[in-house]
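The next block holds one structure in the form of structure tokens; read it before the comments.
The values are calculated or read from the model by the stated rules, or taken from the named source; none is laboratory data. Remember, predicted model here, so these are calculated numbers, not experimental data. Because the Cβ atoms are built from the backbone with ideal geometry, glycine has one as well, and the counts that use them run over all protein chains shown. Just so you know, the surface numbers come from the protein's heavy atoms only, side chains and all, with ligands and any DNA or RNA stripped out. Shrake-Rupley method; radii C 1.70, N 1.55, O 1.52, S 1.80 Å.
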Amino acid sequence: MNQTLADVLQLVALVGALALVHRPFGDYMAAVYSSGRHLRVERLLYRCIGADPGAQMRWPAYLRSVLAFSVVGVLFLYAMQRFQDKLPLSLGFAPIDPDQAFNTAASFVANTNWQSYAGESAMGHLTQMAGLAVQNFVSAAVGMAVAIALVRGFVRARTGELGNFWADLVRGVVRILLPVAFLSALALVAMGAVQNFSGMHEVHTLSGATQHIPGGPVASQEVIKELGTNGGGFFNANSAHPFENPNGLSNLLEIFLILVIPFSLTRTFGTMVGSVRQGYAILAAMGIIWLGSVLVITASEYAHPGTAAQLAGGAMEGKEQRFGEGSSSLFAASTTMTSTGAVNSFHDSFTAFGGGMTLLGMMLGEIAPGGVGSGLYGMLIMAVVAVFIAGLMVGRTPEYLGKKIGTREIKFAASYILITPALVLGGTALAMALPDGKEAMTNIGAHGFTEVLYAYTSGANNNGSAFAGFGADTPFFNTTIGLCMLLGRFLPMVFVLALAGSLASQTPVPTTAGTLRTEKPLFSGMLVGSVTIITGLTFFPALALGPLAEGLSR
Amino acid sequence: MNASLRGTGRLVWAGLRALLVLTVVCGVLYPLAVTGVAQAAFHDKANGSPVEVAGKEVGSALIGQKWTGRQWFHGRPSQSGYDPRATGSSQFGADDPRLAKSVREARERIAAYNGVPASAVPPDAVTGSASAIDPHISPAYARLQTARVARANRLSEGTVRKLVEDHIEGRTAGILGEPHVNVLQLNAALRAETAKSR
């Protein structure tokens, strides 16, 4: 079988698997967040937390709980890294430096998993599994909780109540993330991923050399890193490491895990708002953009333009033989279109347009299908904007799902949209203006600029992947990217929850002949258009200096 | 002011309790449960798929090794010399002049080393992998080394060619990834073959 046909069939298998679970899994998640019943283990957890899961919160209370939980998360993770030498299973590693510990704590709590450290040479097993991996679960659950709160904003009327954060957090972890993670972790071990508590052990090879084989609770961390769209690898090589991602099947499983919650949440949304077709319209917009990215990256890697790639006869630098160009491109598109940032191949060594597309994928704001929860709320914000633009065109007060999009609502949506570009472009400009930016580049010229732009794009959009030639472990970058990650995660949440509160307190308006039909393909098209136009206008100048200049320079 | 401070304190306290209890669930019980089942059901794989020759562990089937000498099949270029303590890749862009130089040099070196024309050297042989410990090479690169390896081990080319063909693994499930050859397993089989012929 030739490479192209195999890669097409792989894509078909992936889409088929996602389609198969879309409805049952999406409806299951809707039931999880709508149910009035509590499991016994959940009651126990609520008692430990001291929270009443039935108490309804308005948006300020919901937001305060999100922030309190996250601040504690940052401090706890920071302390854990600073004192890791005193903890068990430290493998003899020293404490992490303050700037890097801050960066890493911010990174994992913000669901970014930008890593300025190398796992196998810095982090003990306990820091990995009881620190970093815990945030992989809970930061994902926080994202889902905020998305569900926004959906409730559309569903509820004349109340302003958005649900209970602690209940949403606990349910997301206990009923959604844990069961899927447990089963997939075992599947991953069956394929060859390691799962133990040993450190490095020495072997004597046939050629008379010695080699150090690592161990660790890798599979359990690997699956939640994908499922929660986190992306922080146990090892520096991330999902390119054969112990994290041993073969073609594990690779497909990991891509599936990355995409399953973000895509299925559109069904959850449709079910909760009482019209599954509304969910399909959002899904269609997400799917089109994701597929476009897959095709652009794959085509560019197949054609492998670039002096070095042409000389080699293929774009195999920074790619694993068992994956090749196709499976690497599929992974790259999926990880940058969600806010995952795990990599099974290094984007820095991709062709100019392939690498540029991974960058653009993040610049779209991680909404196609986006991170766990954050993808849905990001796309719903874009839907609000699209409805508003359509309203301007026909001269009507815009409505979405029976709620008026007035001045207040559009201000929240516009503020949301402005945050990440401000962080990305501001951060990149600052780094380039100071000597720090140039010193951190591995590559030269336009490609070097792309490394810096990629770093801030990845941080502010909570992706976490890197053009990893970029020397990110300096106090300047640890601090500024750390701040970008926190602000890029939590400021948008403020506006999402404010918008949700405002929507929930409205009285629904009846559908009339003049209402924009947001469940129709036309609206999906408008949504794709709005997303690309807004991103294009914002980032085109920066892209022109980076990947476009590089790709067109020959 | 006091009341709002107290409220914030209560909230942070709830946050801390939530974090601690979820740390126990997700950070201790979950990995322990996965490890328990994995160790019982998939013992070898959970411990890194060790490869044994004559009862001695000589490496992992999933971790590539550095091979020197004409008698072995060689793996791909590695950033770290196949040291699993430092995984990662060159990070050079597809247009980078340094990468172009190293590709050109590797192509000439490998062609001369194996006595084949430079045009026969496949991409994986001249590019660094993502992990720096890629355990595999392409079937083309394995076939290209056959004659050289056979000569160095005083085996017939046919014998070695058969070993190579036996070790070619297709795409997983027929469609996933690319065909590949596991270098350590191939070399272990080669070692057994040379031992037999002496």
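One table, with the values for the structure above:
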quantity: Residue in the stretch A:42-50 that is in a helix (DSSP H, G or I), surrounded by 14 or more Cβ atoms within 10 Å (Cβ to Cβ) and among the basic types (Lys, Arg) present; calculated: no
quantity: Criterion violated by A:Leu249 - all others in (1) at the interface with another protein chain (Cβ under 8 Å from one of its Cβ atoms); (2) buried (at least 21 other Cβ atoms within 10 Å of the Cβ); (3) in a helix (DSSP H, G or I) satisfied; calculated: (2)
quantity: Matching residues in the stretch A:203-216 - criterion: being under 16 Å from B:Leu184 (Cα atoms) and more than 8 Å from chain B (Cβ to nearest Cβ); calculated: A:Gly208, A:Thr210
quantity: Failed item, numbered, when A:Arg267 is tested on (1) at the interface with chain B (Cβ under 7 Å from one of its Cβ atoms); (2) surrounded by 24 or more Cβ atoms within 10 Å (Cβ to Cβ); (3) assigned to a helix (DSSP H, G or I); calculated: (1)
quantity: Single residue of A:Val134, A:Val180, A:Val170 found to be under 30 Å from B:Phe42 (Cα atoms), buried (at least 24 other Cβ atoms within 10 Å of the Cβ) and of a type in the set (A, V, I, L, M); calculated: A:Val134
quantity: Selected residue (criterion: nearest to the other protein chains (Cβ to nearest Cβ)) from residues of the stretch A:286-303 that are closer than 22 Å to A:Ser239 by Cβ and open to solvent by 30 Å² or more (accessible area, probe 1.4 Å); calculated: A:Tyr302
quantity: Boolean, A:Glu325 is more than 7 Å from every other protein chain (Cβ to nearest Cβ) and either crowded, with 24+ Cβ neighbours inside 10 Å or in contact with a strand residue (DSSP E or B) (Cβ under 8 Å, 6 or more places away or on another chain) (or both); calculated: yes
quantity: The stretch A:217-231, residues that are facing chain B (nearest Cβ under 9 Å), of a type in the set (Gly, Ala, Ser) and in contact (Cβ under 8 Å) with a residue 60 or more places away in the chain; calculated: A:Ser220
quantity: Test: residue in the stretch A:93-111 that is free of Cβ contacts under 8 Å to residues at least 40 places away in the same chain, of a type in the set (Phe, Trp, Tyr) and within 14 Å of chain B (Cβ to nearest Cβ); calculated: yes
quantity: Flag for A:Pro53 being part of a loop (DSSP other than H, G, I, E, B) and without any contact (Cβ under 8 Å) to a residue 24 or more places away in the chain; calculated: no
quantity: Residue identified as within 7 Å of chain A (Cβ to nearest Cβ), in contact with a helix residue (DSSP H, G or I) (Cβ under 6 Å, 6 or more places away or on another chain), crowded, with 23+ Cβ neighbours inside 10 Å and in contact (Cβ under 8 Å) with a residue 12 or more places away in the chain among B:Gly27, B:Gly88, B:Gly59; calculated: B:Gly59
quantity: Matching entry among A:Val109, A:Val146, A:Val66, A:Val71 (being β-branched (Val, Ile, Thr), open to solvent by 30 Å² or more (accessible area, probe 1.4 Å) and over 30 Å from A:Ile213 (Cβ atoms)); calculated: A:Val71
quantity: Residues of the stretch A:243-264 classified as in contact with a strand residue (DSSP E or B) (Cβ under 9 Å, 6 or more places away or on another chain) and without any contact (Cβ under 8 Å) to a residue 60 or more places away in the chain, total; calculated: 2
quantity: Filter result for B:Trp67 (facing chain A (nearest Cβ under 7 Å) and either closer than 22 Å to A:Ile224 by Cα or surrounded by fewer than 24 Cβ atoms within 10 Å (Cβ to Cβ) (or both)); calculated: yes
quantity: Breaking point among (1) more than 9 Å from every other protein chain (Cβ to nearest Cβ); (2) closer than 30 Å to A:Leu252 by Cβ; (3) among the hydrophobic types (A, V, I, L, M, F, W, C), for B:Ala150; calculated: (2)
quantity: Flag for A:Ala303 being under 26 Å from B:Lys101 (Cα atoms) and modelled with pLDDT under 95; calculated: no
quantity: Hits in the stretch B:105-136 (condition: within 11 Å of chain A (Cβ to nearest Cβ), over 13 Å from the mean Cα position of the chain (by Cα) and not in a helix (DSSP H, G or I)); calculated: B:Val121, B:Pro122, B:Thr127
quantity: Selection within the stretch A:456-472 - free of Cβ contacts under 8 Å to residues at least 60 places away in the same chain, crowded, with 24+ Cβ neighbours inside 10 Å and not aromatic (Phe, Trp, Tyr); calculated: A:Ala460
quantity: Residues of the stretch B:169-183 satisfying the condition of being more than 8 Å from every other protein chain (Cβ to nearest Cβ) and not acidic (Asp, Glu); calculated: B:Gly170, B:Pro179, B:Val181, B:Asn182, B:Val183
quantity: Any hit, the stretch A:193-202, residues being in a loop (DSSP other than H, G, I, E, B), more than 9 Å from chain B (Cβ to nearest Cβ) and surrounded by fewer than 24 Cβ atoms within 10 Å (Cβ to Cβ); calculated: yes
quantity: Residue in the stretch B:185-198 that is assigned to a loop (DSSP other than H, G, I, E, B), at the interface with chain A (Cβ under 9 Å from one of its Cβ atoms) and surrounded by 20 or more Cβ atoms within 10 Å (Cβ to Cβ) present; calculated: no
quantity: Residue count for the stretch A:1-41, restricted to those that are of a type in the set (Gly, Ala, Ser), surrounded by fewer than 17 Cβ atoms within 10 Å (Cβ to Cβ) and over 25 Å from the mean Cα position of the chain (by Cα); calculated: 2
quantity: Enumeration of residues in the stretch B:156-172 that are open to solvent by 10 Å² or more (accessible area, probe 1.4 Å) and touching a helix residue (DSSP H, G or I) at 6+ places or on another chain (Cβ under 6 Å); calculated: B:Glu157, B:Arg161, B:Leu163, B:His167, B:Ile168, B:Arg171, B:Thr172
quantity: Verdict on A:Phe350 being crowded, with 24+ Cβ neighbours inside 10 Å and closer than 19 Å to A:Leu252 by Cα; calculated: no
quantity: Residue that is surrounded by the fewest Cβ atoms within 10 Å (Cβ to Cβ) [pool: residues in the stretch B:40-56 that are within 7 Å of another protein chain (Cβ to nearest Cβ) and modelled with pLDDT of 95 or more]; calculated: B:Asn47
quantity: Where a residue in the stretch A:533-554 is of a type in the set (Asp, Glu) and its partner, wherever it lies, is open to solvent by less than 20 Å² (accessible area, probe 1.4 Å) and assigned to a helix (DSSP H, G or I), with Cβ under 6 Å and at least six apart; calculated: A:Glu550/A:Ala352; A:Glu550/A:His447
quantity: Residues of the stretch B:128-143 that turn out to be of a type outside the set (A, V, I, L, M, F, W, C) and surrounded by fewer than 24 Cβ atoms within 10 Å (Cβ to Cβ), as a count; calculated: 3
quantity: Which numbered condition A:Leu503 misses (of (1) in contact with a helix residue (DSSP H, G or I) (Cβ under 6 Å, 6 or more places away or on another chain); (2) at pLDDT 95 or above; (3) outside any helix (DSSP H, G or I)); calculated: (3)
